[in-house]
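Chemist: Sharing a structure, written as structure tokens. Questions coming.
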Amino acid sequence: MAGDDDGGREDRAAAAAPHLPLARFLPYRLSVLSNRISARIADLYERRFDLTLPEWRVMAVLGEAAADDRPMSAQEVAQRTAMDKVMVSRAVARLIAAGRVDRAVAAEDRRRSVLTLTAEGRHIHDAVVPLAQAYERALLDRLSPRDRAALDRVLSSLEGVDLAPLGRDGAASPPSGDGDSDTDAGPGPGNG
């Protein structure tokens with residue numbers, strides 16, 4: 001009965017296969033939650049301003065930099081938003097074509113180009129910001145003050161974690177710090 005023997009091997013192999021319960025896997029949960037929130041906020045401005053989520057992220061970063069009178073390069077925007085350089089490049093190209101962003105040669109380094117919001121871009125930025133802030137308030141109002149403080153504390157801890165690449169064997173590098181569970185967040189969530 002070789003067939004029965006083969007079925008037993010398949011059952012054992014399936015039982016030994018790694019299982020990843022996504023409902024409890026932090027990188028997956030953070031990604032899904034971020035996508036849900038971002039999609040909902042994007043609904044607020046996509047139709048009204050013909051603005052995609054990557055375009056808004058570029059404009060938001062440039063708007064924040066403008067408050068400090070600090071133009072940014074596309075590379076700095078990519079770093080600040082954690083978006084892929086190609087995605088940033090496409091968003092910037094579309095924003096420039098729409099007259100919302102201007103690209104100029106940096107005064108301090110003529111090899112570097114910098115991005116700034118145009119008057120039109122500033123107008124749209126200033127219209128979207130209150131919508132985004134109202135959505136954030138509505139979202140946070142669903143949490144107790146204690147949960148809001150805990151969320152802020154946990155997010156700050158995770159943002160401070162060194163997201164060093166995984167080793168060749170797939171094991172994460174060990175956490176830094178003294179091992180105190182309240183202050184040592186351990187390995188980061190990655191981009192799972």
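Chemist: Between a first residue in the stretch 28-53 that is within 20 Å of Val92 (Cα to Cα) and a second residue that is acidic (Asp, Glu) and part of a helix (DSSP H, G or I), which pairs have beta carbons less than 8 Å apart while being 6 or more apart in sequence or on different chains?
Modeler: Short answer, once both residue conditions are applied: Thr52/Glu46; Leu53/Glu46.
Chemist: Restrict the check to the stretch 65-73 and report whether at least one residue is among the polar types (S, T, N, Q), more than 19 Å from Ala39 (Cβ to Cβ) and either modelled with pLDDT of 95 or more or loosely packed, with under 15 Cβ neighbours inside 10 Å (or both). Write out each step before concluding.
Modeler: Of the residues in the stretch 65-73, the ones among the polar types (S, T, N, Q) are 73.
Filter once more, so that each one left must be more than 19 Å from Ala39 (Cβ to Cβ): 73.
Add one more test, that the residue is either modelled with pLDDT of 95 or more or loosely packed, with under 15 Cβ neighbours inside 10 Å (or both), and what stays is none.
There is no residue in the stretch 65-73 that is among the polar types (S, T, N, Q), more than 19 Å from Ala39 (Cβ to Cβ) and either modelled with pLDDT of 95 or more or loosely packed, with under 15 Cβ neighbours inside 10 Å (or both).
Chemist: Scan Arg80, Arg142 and give me the residue that is part of a loop (DSSP other than H, G, I, E, B) and either surrounded by 12 or more Cβ atoms within 10 Å (Cβ to Cβ) or free of Cβ contacts under 8 Å to residues at least 24 places away in the same chain (or both). Give the derivation first.
Modeler: Working: Arg80 fails: part of a loop (DSSP other than H, G, I, E, B).
Arg142 is the lone residue from the list that is part of a loop (DSSP other than H, G, I, E, B) and either surrounded by 12 or more Cβ atoms within 10 Å (Cβ to Cβ) or free of Cβ contacts under 8 Å to residues at least 24 places away in the same chain (or both).
Chemist: Could you tell me how many of the residues in the stretch 63-77 are out of contact with any helix residue (DSSP H, G or I) (no Cβ under 7 Å at 6 or more places or on another chain) and in contact (Cβ under 8 Å) with a residue 60 or more places away in the chain?
Modeler: 0
Chemist: Go through the stretch 112-139 residue by residue and tally those that are free of Cβ contacts under 8 Å to residues at least 24 places away in the same chain and either polar (S, T, N, Q) or over 25 Å from Arg100 (Cβ atoms) (or both).
Modeler: Adding up the residues that qualify gives 4.
Rundown of residues vs (1) modelled with pLDDT under 95; (2) open to solvent by 70 Å² or more (accessible area, probe 1.4 Å); (3) more than 25 Å from Leu163 (Cβ to Cβ); (4) of a type in the set (Ser, Thr, Tyr), yes/no style:
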site	(1), (2), (3), (4)
Ser34	yes, no, no, yes
Ile37	yes, no, no, no
Ala42	yes, no, yes, no
Tyr45	yes, no, yes, yes
Arg100	no, no, yes, no
Arg112	yes, no, yes, no
Gly121	no, no, yes, no
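Chemist: Going by the structure shown, is Ala14 over 16 Å from Ala127 (Cβ atoms), open to solvent by less than 90 Å² (accessible area, probe 1.4 Å) and either modelled with pLDDT under 90 or of a type in the set (Ser, Thr, Tyr) (or both)?
Modeler: Numbers: over 16 Å from Ala127 (Cβ atoms): yes; open to solvent by less than 90 Å² (accessible area, probe 1.4 Å): yes; either modelled with pLDDT under 90 or of a type in the set (Ser, Thr, Tyr) (or both): yes.
Taking the combined requirement at face value, the residue satisfies it.
The values are calculated or read from the model by the stated rules, or taken from the named source; none is laboratory data. Nothing here was measured: the structure is a model prediction, and the numbers come from that model. Note that each Cβ is placed from the backbone with ideal geometry, even for glycine, and that neighbours are counted across all protein chains shown. All accessible areas refer to the heavy atoms of the entire protein, side chains included, with ligands and DNA or RNA removed. Shrake-Rupley method; radii C 1.70, N 1.55, O 1.52, S 1.80 Å.
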